[in-house]
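The structure appears right after this line, and notes come after that.
The values are calculated or read from the model by the stated rules, or taken from the named source; none is laboratory data. If you're wondering where the values come from, they're calculated on a predicted model, not measured in any experiment. Because the Cβ atoms are built from the backbone with ideal geometry, glycine has one as well, and the counts that use them run over all protein chains shown.
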Amino acid sequence: MHNAVQAGLMIDVESRANPWYLNHLATQKLLDNPAFLAYLSYLQYFSQPEYTKYLTYPGPTLKALQLLQQEKFRQDILSPETVARMIEENLKAITGSTAGAAADGSIRT
């Protein structure tokens, strides 16, 4: 993959870990668009080790991609409370803190 294209795709994929960006996508109704949902499904290939290694924050990024597959989450992300919880969980994942995390490691919606 060409370096510029690869860098652009990495930014696009990792932006999915930003809860406020996900909230924006939901408010713009993109998370209701079948073509966009197909694109999100396509991005699941980043969960394969040969692609995960390119992610700066693989935990939050892959978790967000997984959550975006769930209709309930796509509705819940409209809530500022869900955004706040997701931010908290992302920070814990990045810093390695487990205090207050859900027992199963999930984002509580």
- Message: So, residue 22, is that one at pLDDT 90 or above and in a helix (DSSP H, G or I) or not?
- Response: yes
- Item | Residues of segment 60-82 satisfying the condition of being of a type outside the set (S, T, N, Q), touching a residue at least 40 places away in the same chain (Cβ under 8 Å), within 19 Å of residue 93 (Cβ to Cβ) and part of a helix (DSSP H, G or I) | 60, 63, 64, 65, 67
- Note on the structure: Reported set for segment 42-59 where residues are part of a helix (DSSP H, G or I) and touching a Leu at 6+ places or on another chain (Cβ under 9 Å) is 43, 44, 46, 47, 52
- Looking at 88, 50, 71, 81, which one is surrounded by 14 or more Cβ atoms within 10 Å (Cβ to Cβ) and at pLDDT 80 or above? 88
